[in-house]
Every structure is written in C-alpha cells, then in structure tokens.
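Rule-based calculations on the coordinates, nothing more; no lab input. Note that the coordinates shown come from a computational prediction; the quantities given were computed from them, not determined experimentally. Cβ placement follows ideal geometry from the backbone for every residue including glycine, while neighbour counts extend to all protein chains displayed.
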C-alpha cells in the first residue's frame, strides 16, 4: 500500500471509530445512577429501590447509585450535562427542579433542561405545605397575617423553594427563606422545633410527622385536593387570573417529578435500551410489591411522553420567570 493510501485509510478508520465511539449498549456494563439528593431522602430511596430492577431488565452488570448533593439537585445535573452520552451515566431526581432553576436564571446552572434525554418517570405525587403543630399557624390566612415574614427552611434552590416563592407571591405571604438545610428530614426537624414556620414536601414524606401530630398540613399543591385529607385546600382554589396560571404551571411541572434522564445527545441505542428497561422495571411485579412495602408508590410514565412534556412546560412557563428570578435574587 502506498504511504499516502495507508495514511488515508488510517484516517478513515479513526474517523469511523470516533463516529462509533458513542454507539453504545448498556448490556454487561456498570451504569452509574446519579442521585443529586440527600442520602436518606425520598428521591435516593426511590433510586436505590429501583436500581437492581433496572440492572436486571437492562442486562447491565450493575446499576450503582452515586449520591451527588448540592444546590438542590443542580450539582448532579451539571455533572450529567458533561457526562459521556453512552448510557453508562444517567440520573434520577426532580425534573421540576431542573426546569425551575433554568427559568430562574440560576448562575449555578450549566445545563439546558430541554436537551437532556428523558428516559421515564417513576413516580409523582402532590406536594403539601405543612407547619409545626405547636405554631400559631393553622391556615393559609394565618400565614398571610402573621405580622412578620413566614420563615421557610430550604435545602437549596429546588422545586420546593421555587414553589413556595410562587405561592408567597400569589397569596401575598411575606417570606423569609433560610437555606443550607440537608434534605427533607432536616427541614422537617427545623419546622417541628420552631426554627422555621413551614416547609413543602411530598405527602408520603410528610405522612409520618402529620400522623404523629408534629406537623399540620395547610395547603396542597396538586390538580385538586388530596383524597386522604379532603379538608386541606388546593392552592388552585385560592387564586384566579394570572395567579392561577402561575400556580397551574408549577402543578404541571410537579407532575414530572421523580424521573430518569440522560446527558444530551445520548446514544440512540442506549436511549432505546434504557427507556425499555425502565418501563419493564417499573412494571415488574416484584418491584411493585416492594414499592408498596416501602411506602414508595409508583406512577410510571414513558420517556417519550416525558420528553414531549419538558418542551411544552418550559415554553408555557415563561410567565413565571419574573417571580422565580425575584426569589433567587432575594437569597443572594
């Protein structure tokens, strides 16, 4: 072979190898599942529960959960943004946080939420605003007429921070955010001992402290009232006009909450494998039974549907931007 022909052949071979470098299957591989949330929090509990079933249905050697806390989930999402798009690194967290952080213009955000590849939702549930049982707050009206700001302990700029910011704006509740808490257990403790007035969590996460009499629910964030607590109003009942549109946008985002997603430009083969494996895992009778036993209910939605939602919701939520950016500026 002539030298020039040899060099050309070598260049073409290298180009072909580079083009196929990201063509990937996760079968037989170790997959890292980033959980950008606290180690003992609800999100990480879901990730750890689902991981072995995902490994089984994907044919992966293992799915290993890696905790990467910081910034209310932003640190982990940033890490995924720069991950190789080969399917070996994916994440599981609140998709709502990604959208809200981006809309707010958070300086910590390095990603574009619309460019992540969404692989499937494991669960969603309405959120609830609870207050300490020993406080003098028993309703939204009490929070509005405290005579001082409502103190809200926060673990960072996550969906609960932004949800509370929007609620405070539309319900005219003066708000003081205290950040730096480590997950729901930490914010719950602050509320119970009186260091904060209230916090927002999922109903399932709050169930134990409500039943123990340590916290009292005063408002739910969902499409309607939460059936087990029919006397607690939905935020949508208390607002109208533009304010109702703002709350509805938040509620729609929360519907995407506990989801799997991969880096931008995720390999098409890996995407198809992971979407199919996640769907199969979430329908696995053993996982369904385990989810009931652990009190971690499943409400699956396929990745293709979640991908469409993210684009629609991001576009429809632009009118939230002033509220979100004002909230972010207030804690700087």
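When peptides 248-258, 222-232 are ranked by their average number of other Cβ atoms within 10 Å per residue, the highest-first order is 248-258, 222-232. Would you mind calculating the relative contact order of the chain from Cα pairs under 8 angstrom and at least 6 residues apart, reporting the percent as a whole number? This gives 27 percent for the chain. Counted by neighbouring Cβ atoms within 10 Å, the residues 176, 309 run from fewest to most as 176, 309. From the alpha carbon centroid of region 218-255 to that of region 95-173 is 13 Å. Taking the longest Cα principal axis of the chain as reference, the axis of helix 95-104 is set at about 80 degrees.
Approximating the spin labels as points 7 Å out from Cα along Cα→Cβ, the residue 326-to-residue 30 distance works out to 4.9 nm. Estimated at 0.36 nm per residue, the fully extended path between residue 189 and residue 39 surpasses their Cα-Cα distance by 52.4 nm. Site pair residue 276 and residue 66 shows an inter-label distance of 2.6 nm when each label is modelled 7 Å from Cα along Cα→Cβ.
Distance between the 7 Å Cα→Cβ label points at residue 172 and residue 240: 1.5 nm.
Rounding to the nearest 10 and keeping the result within 0 to 90°, find how far the Cα-based axis of helix 241-254 lies from the longest principal axis of the chain. That helix lies at roughly 50 degrees to the long axis. Residue-normalised convex hull volume from the C-alpha trace of the chain: 138 Å³ per residue. Helix 285-294 and the long axis of the chain differ in direction by around 30°, with both axes built from C-alpha atoms.
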